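Structure first, then comments.
The values are calculated or read from the model by the stated rules, or taken from the named source; none is laboratory data. Note that this is a predicted model, so its numbers are computed, not measured. Positions of Cβ are generated from backbone atoms using ideal geometry, with glycine treated the same way; all protein chains shown enter the neighbour counts. We work out accessible area using only protein heavy atoms, side chains counted, and drop any ligands, DNA or RNA first. Shrake-Rupley method; radii C 1.70, N 1.55, O 1.52, S 1.80 Å.
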Amino acid sequence: MSSNRTDAPKQSELAGTQTPDRANTNTKLQNLEQARSDATGQALRTNQGVRIADNQNTLKAGARGPSLLEDFIMREKITHFDHERIPERIVHARGTGAHGYFQSYGNHSALTKAGFLQDPEKVTPVFVRFSTVQGPRGSGDTVRDVRGFAVKFYTDEGNFDLVGNNMPVFFIQDAIKFPDFVHAVKPEPHNEIPTGGSAHDTFWDFVSLVPESAHMVIWAMSDRAIPRSLRMMEGFGVHTFRLINAEGVASFVKFHWKPRQGVHSVLWDEAQKLAGKDTDYHRRDLSEAIETGDYPEWELGVQIVPEADEHKFDFDLLDPTKLIPEELVPVTPLGKMVLNRNPDNYFAEIEQVAFCPGHIVPGIDFTNDPLLQGRLFSYTDTQISRLGGPNFHEIPINRPVAPNHNNQRDAMHRQTIHKGRASYEPNSIDGGWPKETPAGPQDGGFESYQERVDAHKIRERSESFSDHFSQARLFFKSMSPNEQQHIIKAYSFELGKVEREYIRERQVNEILANIDLDLAAAVAENLGLPAPKAGTVKAPQSKLKTSPALSQMNHPGTVGIKGRKIALLIANGVDGASVDTLVKALEAHSARPMLLGPTSAPVKTAEGKALPVDASMEGMPSVMFDGILVPDGKASLDALGASGVAKHFLLEGYKHLKAIGVAPQGKALLDALGLKTDKGLLLGDDQKTVEAFVKAVEAHRVWEREAAAEAIPA
Ligand code: HDD
């Protein structure tokens, strides 16, 4: 966890790379890099510490002669290189992460004795890893998939890992089905297709045969599966956990992370294009935000259910395919998490971090959720093969800040050099140390919650887990009309890629028809299947007709357009003053304006100045932006109107429902493109228009435009 980065200059110090003095900028960049590197001023050496004189040539018998086996320098280098890769995670292989801290809002001792939740002054370091589930390490960031949201709290009482997802439920109810589910969703075994997505036969074969997946699958077909940014996702602990206070009183809780940036997604066409045009879209967005000081922030909250209310709901709290609607049990905020430091080294930190839902601290405990119980075994087991043995807790990113003395010894890659003679307990040689700490109210040893269990040993699914459709229906009914259409399209797209017709039919008739007949009928029509009959499963209708908290539209965030990327399209002849005014207006809202030219070369303004650009319009296409502005300047507007790339940029931005502001002289450009002004397509460059543009970006997308945008070619 140690890092010299905190002293290093921040990228934000390089703000203003618009300066024409590129040489100066380059020197600044070099200084920045050197300050970061721990090799600055150091000699190149072998792993054994020998200084290397020549890193260019293998030792040979004569300049044109054969290489010599005795070249230990070359062999050490190649041997190490040959073993650079470790097995990637079986699921969640593609990920990124960041360091930060957690701070409690207050003293939550009535709820839990966990030390990091007692004191608002206490700052607990955290490391977060976000991930996709299906794809390998090199797959695209914006595929349709669940996102992992794993947080390691380095508390004074030991590490607490909250290993959740950006969806509050899961595909299966029992861990014994996890390998089946993962084999089905992973690329097909004969050709390893598709990479990163679920639009293929084996996934839909499995989920259409396993109705308990219906709820999670509809989440995966919703906009939640294509987030705009990792910073704009909710996170969920999924299972019901227990919090226990110093008096031993336990409450059931569901953990929630609420992003200050709001909950937002991209459109499906955008997601697919981004997967090619910027494969690293999400990891870039996260690291850029942190680098520029726009630190992502989430609120940690819990839904609290007193033990006495365990059976009060029309679903089982132990069933991980169910959520507790926030309208029934609101989320109580506990504290905030801020991510403020990028990792120094991807492999050492993001690849080697090892999470486990079984890493808990006093004051937190499990429930009998059979999915959670299986996870408690799986994670440590997987690290043993992934990280080469049971000593992965010694890897810097996994080390607790709390001391961890015990009598475990040896094994692969042991780093600690133990000095005592006694590695057993009880012992007298080392004075009996390390010793147990009796369980106690505060700072006591870990004590499991004393739950009475008196039952037959059986393999059986509880009857209380048998309603698979009510909450899937509640989810669909709670969506806005736009979101419902996206879900219909997502099922149609994915099932349209399924080659076996009987699988499509089964999903429509046996799953979708039991969720909602209109949904099933719309998907059936798109697939050319006969209209489905009403579902035969008599699932209880939940008392709640809708749960507004489930719709992303009801999570706008609290940061306005802070950090949103806005493209300014410019060409030779652009009005420099107009660019200046727009950039200043955006910066006043802490947005991130970027100047895009026809090429990467500076643009000549109408005033005759050379204006450096951030990128070319081809280099940073519209899918990488949240909004588009076209500044004034007749020659510039004419040049944009004659450029296929610029026109495509605008049309695509329009299709993806983005806010667009065009200077008054640009009316002809809009007319030529056949675009009509609307709530988010604005003509003008006065203060009022700029504020309307800002409002439109703040609303994330111009949803009213979605039907009109259908006509624009993709
Ligand atoms: Fe899992 C990784 C989340 C069910 C077995 N899981 C993994 C990660 C996340 C989750 C976020 C990536 C952690 C990281 O960034 O390193 N998993 C979940 C959630 C689940 C869930 C929210 C259901 C509520 N998982 C689940 C089950 C099993 C596993 C039922 C096995 C019985 N998960 C694993 C694993 C992984 C993993 C194979 C792969 C790499 C790793 O653990 O470290 O053990």
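What the phi angles of region 392-398 give under the Karplus curve with 6.51, -1.76 and 1.60, with θ = phi - 60°, is a coupling list of 5, 5, 8, 5, x, 5, 9 Hz, glycine and proline written as x. For the pair ARG284 and ALA588, the difference between a 0.36 nm per residue extended length and the Cα-Cα distance amounts to 107.1 nm. Each 10 Å bin from zero up to the one holding the largest Cα-Cα distance in region 232-280 carries the following percent of pairs: 22, 25, 27, 15, 10, 3. Which entries of LYS258/LYS322; LYS122/LYS254; LYS497/LYS533; LYS312/LYS336; LYS177/LYS322; LYS186/LYS336 show an alpha-carbon separation above 26 angstrom in the structure shown? Listed pairs above 26 Å: LYS312/LYS336; LYS186/LYS336. Ranked by solvent-accessible area (1.4 Å probe, protein heavy atoms only, all chains present), the residues MET412, MET624 order from largest to smallest as MET412, MET624. Residues whose amide H falls under 5 Å from that of LEU682, counting only those 5 or more places apart or on a different chain, are ILE660, GLY661, VAL662, with hydrogens built in the peptide plane.
For region 438-597, the direction-averaged projected area of the alpha-carbon convex hull comes to 20.8 nm².
In plain terms, the bigger the Kirkwood radius, the slower the diffusion; for region 273-317, with that radius from Cα pairs, at 4 °C and 1.567 mPa s, Stokes-Einstein puts D at 88 µm²/s. Based on Cα atoms of region 600-653, Rg over Rh with Rh as the Kirkwood radius reads 0.95. Taken over the C-alpha atoms, region 535-691 has Rg and Dmax values of 19.3, 74 angstrom. Once the 1.4 Å probe is applied to the protein heavy atoms, the chain comes out at 47 Å² accessible per residue. Per residue, the chain reaches -7500 deg cm²/dmol at 222 nm when only DSSP H runs of four or more residues are counted, each adding -39500 (n - 2.57). Computed from the C-beta positions of VAL537 and GLN34 and an R0 of 51 Å, the FRET efficiency is 0.20 to the nearest 0.05.
If you roll a 1.4 angstrom probe over the protein chains with everything in place, what fraction of the accessible area of the chain belongs to carbon and sulfur, to the nearest %? Solvent-exposed carbon and sulfur of the chain make up 53 percent of the total. Volume per residue for region 603-712 equals 101 cubic angstrom (convex hull of Cα atoms).
How large is log10 of I(q)/I(0) for region 271-361 at q = 0.10, 0.14 Å⁻¹ when the intensity is taken from the Debye formula with one equal scatterer per alpha-carbon? Cα-only, vacuum Debye calculation for region 271-361: -0.51, -0.88. Remark: region 29-46, residue by residue, has Karplus-estimated 3J(HN,Hα) of 4, 4, 4, 4, 4, 5, 5, 6, 6, 8, 9, 4, x, 9, 6, 6, 9, 7 Hz, where x stands for each Gly or Pro and the curve is 6.51 cos²θ - 1.76 cosθ + 1.60 at θ = phi - 60°.
Give me D for region 356-468 in µm² s⁻¹, whole number, from Stokes-Einstein with Rh from the Kirkwood sum over alpha-carbon pairs, 20 °C and 1.002 mPa s. Here the translational diffusion coefficient equals 120 µm²/s.
As a calculated quantity, the FRET efficiency between VAL123 and ASN191 at R0 = 60 Å, using C-beta atoms, amounts to about 0.75. The calculated P(r) of region 47-157, using every Cα pair and 5 Å bins from 0, goes 2, 9, 11, 11, 8, 8, 10, 11, 9, 7, 5, 3, 2, 1, 1, 0 in percent.
Within the shell defined by Cβ-Cβ distances under 12 Å, the residues around VAL498 carry a net charge of -3, with Lys and Arg each +1 and Asp and Glu each -1.
Residues whose amide H comes within less than 5 Å of that of ALA591, counting only those at least five positions distant or on another chain, are GLY563 (H built at 1.01 Å from N in the peptide plane). Counted residue by residue at 0.36 nm each, then reduced by the alpha carbon distance between them, the extension gain from LYS647 to THR546 reaches 32.2 nm.
Taking amide H as placed 1.01 Å from N in the peptide plane, the amide H of GLY627 sits under 5 Å from that of ALA567, each at least 5 places away or on another chain. On the principal axes of its alpha carbon atoms, region 485-555 extends 36, 29, 15 Å, with the longest extent given first. Three semi-axes describe the equivalent ellipsoid of region 588-631; taken as square roots of 5 times the Cα gyration tensor eigenvalues and ordered largest first, they are 19, 14, 8 Å. Each Cα pair under 8 Å and six or more residues apart adds its sequence gap; the mean of these over the residue count of the chain is a relative contact order of 12 percent.
Based on alpha carbons, the Rg and Dmax found for region 48-108 are 22.8, 74 Å. Here the scattering of region 354-418 is modelled by Debye summation over its C-alpha atoms, one equal scatterer each and no solvent; at q = 0.22, 0.24 Å⁻¹ the log10 of I(q)/I(0) is -1.06, -1.17.
Along its first, second and third principal axes, ordered by size, region 233-392 spans 52, 43, 30 Å in Cα coordinates. Dipole orientation for the chain: of the candidates ASN24, ILE226, ALA490, ASN24 has the Cα lying most toward the positive pole (charges on Cβ; Lys, Arg +1; Asp, Glu -1).
Using a Förster distance of 30 angstrom, determine the FRET efficiency expected from the C-beta separation of THR689 and GLU291, and round it to 0.05. Given R0 = 30 Å and the Cβ-Cβ separation, E is 0.45. Across region 85-93, coupling constants 3J(HN,Hα) worked out from phi with the 6.51/-1.76/1.60 Karplus curve, θ = phi - 60°, read 8, 10, x, 6, 4, 5, 10, 6, 5 Hz, and Gly and Pro carry x.
Here region 427-465 is scanned for amide nitrogen atoms under 18 Å from the site 7 Å beyond the Cα of HIS311 along Cα-to-Cβ, giving 451-456, 461-465. The Kirkwood radius of region 308-393, taken over pairs of alpha-carbon atoms, gives through the Stokes-Einstein law at 37 °C and 0.692 mPa s a diffusion coefficient of 198 µm² s⁻¹.
Our note on the geometry: Cα centres of region 647-708 and region 29-97, 51 Å apart.
Grouping the Cα pair distances of the chain into 20 Å bins from zero gives a pair-distance distribution of 15, 44, 32, 8, 0 percent in increasing distance order.
Annotation for ALA246 and ASP580: the two label points, set 7 Å from Cα along the Cα-Cβ direction, are 6.3 nm apart. The accessible-area ordering, largest first, of the residues TYR105, TYR379 stands as TYR105, TYR379, per a 1.4 angstrom probe. Stretching ARG75 away from GLN56 to a fully extended chain increases their span by 5.5 nm, per 0.36 nm per residue minus the current alpha-carbon distance. Across all Cα atoms of region 101-255, the radius of gyration (one decimal) and Dmax (whole number) stand at 18.3, 57 Å. Here region 653-714 is treated as an ellipsoid with the same Cα gyration tensor; its semi-axes, largest first and in whole Å, are 18, 16, 7.
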